[in-house]
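The structure appears right after this line, and notes come after that.
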Amino acid sequence: MFSLAHLSDLHATPVVVENPLHLLNKRFFGWLSWQFRRRRFHRTSVVDALMDDLSRAPIDHLVVTGDLTNLSLTSEFGAARERLKRLGDTRDVSIVPGNHDAYVRVAQAASWNLWSDYFESDDGETAVESSDPRDRFPTLRVRGPLAVVGLCSALPTRLFNASGTLGDAQLDRLERMLQRLSKRDLCRVISVHHPITTGATHSRRWLRDADSLRGVISRAGADLVLHGHNHRTLIAAIDGPDGSIPVVGVRSASDIGQRPERRAQYHIYEIQRNCGSGGPRFRIALRIRGYDPDSGRFRAEGERKLLP
C-alpha cells in the first residue's frame with residue numbers, strides 16, 4: 001500500500017504590495033478581488049489546520065497542483081517556499097504551478113526557481129531551462145510504485161482570463177515519457193493545475209489544449225490524473241488504451257467554507273498493485289479529509305474506490 005496525498009489552490013501567501021507600480025498591470029484587478037472578496041475565504045487558520053492534519057497523516061508522498069500564490073508578487077514566492085518547507089522535504093513533496101503562480105510575467109530567478117527542487121525530475125528527465133517555463137516539463141519523480149508526472153499549464157494570460165495551455169512541445173515530451181513508463185511496473189500519476197475533462201469549466205478558465213492532452217493519454221496511457229483550479233470536487237474519467245482512467249479535481253485547501261461546496265478539503269489515495277487476474281494493474285481508493293469550521297480541524301469526509 002502506498003499513500004499519496006493531493007492538495008491544491010492554497011492561496012496562502014500574504015498580499016503585501018511594497019511598490020504601487022507593481023499593480024500597474026493585471027495584478028490591480030486581482031488585488032481588488034483579494035481585498036474585497038477572496039481574502040475572506042482563503043484563511044491562514046485553515047492552512048495551519050491543514051499542516052497539522054498532514055503532519056499526523058500516514059502519507060508517503062504529497063502532490064500540490066498549483067496556486068500557491070495570489071498575485072505572483074515577488075514576495076509571495078519566498079513566502080510560498082516557507083509553506084512548502086512546512087509541507088515536507090523536497091523529496092517528499094512534488095508541485096506543479098497554477099495560473100496564479102503565473103499571474104503576470106516574473107523573472108524565473110525571482111519566482112519559480114525558488115521552488116525548483118520541489119519539481120525537479122530525479123532521473124535527468126527535466127528539459128533545459130528557457131524563457132518558456134513550460135520547457136522544464138513534464139517532470140518525473142519515481143516514488144515507490146508511483147511515477148509522478150508533473151505538467152505545466154500556467155502562463156500569463158490577458159485580463160479576466162485564467163485559462164491554461166501545455167503547448168505542442170510539452171505534449172510531445174509527455175507522450176514519449178508515458179510510452180517509456182508503460183514498460184515499467186509503475187502507477188503513472190499525472191498532475192496538472194487545470195482540469196482536463198470536457199465541460200469541467202467555462203472557456204475563460206479551461207485548458208485550451210485539453211483535447212490534445214486527452215489524446216496523448218488515450219494513446220500512451222496513465223493510471224490517475226489529478227488537478228485543482230476549480231475549487232470544487234470533480235470525479236470523472238477519460239478513456240485510456242486499457243480502460244477508463246480516473247480524473248480527480250480537489251477543492252482549495254484553504255477555503256473557510258462560507259460556501260459549503262467549496263469548504264477546504266484534501267485527498268489521500270491508497271494505491272496498491274492488483275495481484276488478481278485481469279482488470280487494472282493497480283487498485284486505487286480515495287479518502288477525503290475536509291475542514292470542520294466548528295472544531296477548526298480537518299476530519300474524514302468519506303471514501304470511495306476509483307479502481308477497480
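Throughout, read-outs are computed from the coordinates displayed, never taken from laboratory work. Remember, predicted model here, so these are calculated numbers, not experimental data. Note that we place each Cβ from the backbone using ideal geometry, even for glycine, and neighbour counts take in every protein chain shown.
Hey, could you get me the Stokes-Einstein D for segment 64-220, Kirkwood radius over alpha-carbon pairs, 4 °C and 1.567 mPa s, rounded to whole µm² s⁻¹? The estimated diffusion coefficient comes to 81 µm²/s.
Between helix 74-87 and the chain, what is the angle of the helix's C-alpha long axis to the longest principal axis, kept within 0 to 90° and rounded to the nearest 10? Taking the Cα atoms of the chain, the angle to 74-87 is about 40 degrees. With each label modelled as a point 7 angstrom along the Cα→C-beta vector, the Glu261-Val16 pair spans 3.7 nm.
Net length available on complete extension from Ser131 to Arg184 is 15.8 nm, with 0.36 nm assigned per residue and the Cα-Cα distance removed.
Full extension of the chain between Leu159 and Ala285 yields a length gain of 41.4 nm, computed as 0.36 nm times the residue separation minus the alpha carbon distance.
In debye, nearest 20, what is the charge dipole magnitude of segment 124-278 about its Cα centre with +1 on Lys and Arg Cβ and -1 on Asp and Glu Cβ, if you could check?
Using only the charged Cβ atoms, the result is roughly 340 debye.
Length gained on full extension, Arg37 to Arg304: 92.8 nm, using 0.36 nm per residue less the C-alpha separation. Excluding residues fewer than 8 places away in the same chain, name every one of the lysines whose C-alpha is closer than 29 Å to that of Lys183. Output for Lys183: Lys305. DSSP assigns beta bridges within the chain; of those with both partners inside it, close to 60 percent run antiparallel. For the chain, the longest principal axis of the alpha carbon atoms and the long axis of helix 168-181 meet at an angle near 40°.
Separation of segment 198-255 and segment 62-121, taken as the distance between their Cα centroids, equals 21 angstrom.
Projected label points at Ala110 and His202, each 7 Å from Cα along the beta carbon direction, are separated by 3.4 nanometres.
Our coupling estimate for segment 44-50, obtained by passing each phi through the Karplus curve with A = 6.51, B = -1.76, C = 1.60 and θ = phi - 60°, is 5, 5, 5, 4, 4, 5, 4 Hz, Gly and Pro reported as x.
Calculated mean residue ellipticity, 222 nm, the chain: -6500 deg cm²/dmol, from DSSP H runs (n ≥ 4) at -39500 (n - 2.57) each, averaged per residue and rounded to 500. Legend: calculated FRET efficiency, Asp294 to Met51, from the Cβ-Cβ distance at R0 = 22 Å, rounded to 0.05, equals 0.70.
So for segment 63-151, what percent of the C-alpha to C-alpha distances run longer than 17 Å?
Every Cα pair in segment 63-151 considered, those over 17 Å come to 45 percent.
Each of Leu181, Leu68, Leu140 was scored by the projection of its Cα onto the charge dipole of the chain, and the greatest displacement toward the positive side belongs to Leu68; charges sit on the C-beta of Lys, Arg, Asp and Glu.
Over the Cα atoms of segment 14-117, the radius of gyration divided by the Kirkwood radius equals 0.98; this is the Rg/Rh ratio. Each of Asn25, Ser203, Pro97 was placed along the dipole of the chain (beta-carbon charges, centred on the mean Cα), and the one lying farthest toward the positive end is Ser203. Here the chain is assigned +1 on the Cβ of each Lys and Arg and -1 on the Cβ of each Asp and Glu. Its dipole about the Cα centre then comes out at about 720 debye. Among (1) 52, 44, 38; (2) 62, 46, 36; (3) 71, 42, 42, find the value of Cα extents along the principal axes in Å that was calculated from the structure presented, and write down its label. Of the labelled values, this structure produces (2).
Centroid-to-centroid, using Cα positions, segment 142-184 and segment 1-27 are 21 Å apart.
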